[in-house]
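Working notes for the structure below.
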Amino acid sequence: MSRIGKKPISVPDKVLVTVNGLSLTIKGPKGELSRTLPSGVSISQEENMILIAPVNDKRRSRERHGLCRSLVANMVEGVTKGYARKLEIVGVGSRAQVKGGKLVVSAGYSHPVEVVPPNGITFAVENNTNVTVSGV
């Protein structure tokens with residue numbers, strides 16, 4: 001059995017979890033996420049904990065056990081904290097700026113490249129080389 005899958009997922013106070021069979025909806029301060037988990041696992045909620053367990057001892061159930069636990073834990077984190085990735089631009093003359101919500105990257109092309117963020121995604125730049133991409 002998966003060691004990761006055995007860990008219960010704690011649910012913060014501001015998060016509402018709705019379990020309907022294998023369908024799961026999680027609402028929090030940063031938004032709402034929903035997912036249908038694959039067959040072979042069972043999901044249960046006890047007070048402020050979510051528990052994922054394999055239905056049987058077959059290989060497919062054991063494989064999906066840890067995967068589903070990680071997916072649900074990431075959903076809870078996403079609706080509470082949001083997601084962020086930090087990128088570092090390395091190279092002589094390479095730099096990045098945020099202009100009007102767009103990320104403008106100078107990375108060796110003859111012209112600067114503008115990246116328009118999708119809805120819910122924001123860019124932040126520090127020292128022209130460290131880019132933080134965050135969203136829900």
Exercise. Arg59 label point, 7 Å along Cα→Cβ, cut-off 20 Å on backbone N: hits in the stretch 1-29?
Worked result: 1-5
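Once the other residues with Cβ under 15 Å from the Cβ of Arg95 are scored (Lys, Arg +1; Asp, Glu -1), what is the net sum?
Local charge sum for Arg95: -1.
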For this session: Quote the FRET efficiency, to the nearest 0.05, computed for Asn119 versus Val92 with a Förster distance R0 of 35 Å and r equal to the Cβ-Cβ distance.
Result: 0.50
Exercise. Within the chain, what's the longest stretch lacking trypsin sites (Lys or Arg not before Pro) that sit in DSSP loops with no more than 14 other Cβ atoms inside 10 Å?
Worked result: 82-136
Problem set entry | Table column - 3J(HN,Hα) (Hz), the stretch 94-102, Karplus curve with 6.51, -1.76, 1.60, x for Gly and Pro | 7, 7, 9, 9, 10, 10, x, x, 8
Seminar exercise, completed: Excluding ligands, DNA and RNA, the carbon-plus-sulfur percentage of the accessible area of the stretch 1-65 with a 1.4 Å probe reads 45
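Where only protein heavy atoms count, and the probe is 1.4 Å, what is the accessible area per residue for the chain in Å²?
It amounts to 66 Å² per residue over the chain.
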Exercise. In the structure displayed, which of Lys7/Lys86; Lys6/Lys58; Lys14/Lys81 lie more than 23 Å apart, Cα to Cα?
Worked result: Lys7/Lys86
Exercise. With axes computed from alpha carbons, what is the tilt in degrees of helix 59-80 against the longest principal axis of the chain, rounded to the nearest 10 within 0 to 90?
Worked result: 50
Exercise. How far is the Cα center of the stretch 17-44 from the Cα center of the stretch 59-136, in Å?
Worked result: 24
Seminar exercise, completed: Per the rule of 0.36 nm per residue minus the C-alpha distance, extending Glu47 to Val104 adds in nm 15.9 nm
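Grab the DSSP H runs of the chain that are 4 residues or longer, score each as -39,500 (n - 2.57), total them, divide by all residues and round the 222 nm result to the nearest 500 deg cm²/dmol.
After summing the helix terms and dividing by the residues of the chain, the value is -6000 deg cm²/dmol.
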Exercise. Amide H neighbours of Leu87 under 5 Å, counting only residues 5+ apart in sequence or on other chains, H built in-plane at 1.01 Å?
Worked result: Val131, Thr132, Val133
Exercise. Leaving out same-chain residues fewer than 8 places away, which aspartates and glutamates sit with a Cα under 14 Å from that of Lys27?
Worked result: Asp13, Glu77
For this session: Springs between alpha-carbon atoms under 10 Å, Gaussian network over the chain: tell me which of Gly78, Gly66, Gly120 tops the mean-square fluctuations.
Result: Gly120
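The values are calculated or read from the model by the stated rules, or taken from the named source; none is laboratory data. Computed from a prediction, not measured in an experiment: that's the story for all the values here. In this analysis, Cβ positions are derived from the backbone assuming ideal geometry, glycine residues included, and neighbour counts consider all displayed protein chains. Remember, those area values only see protein heavy atoms, side chains included, never the ligands or the DNA or RNA. Shrake-Rupley method; radii C 1.70, N 1.55, O 1.52, S 1.80 Å.
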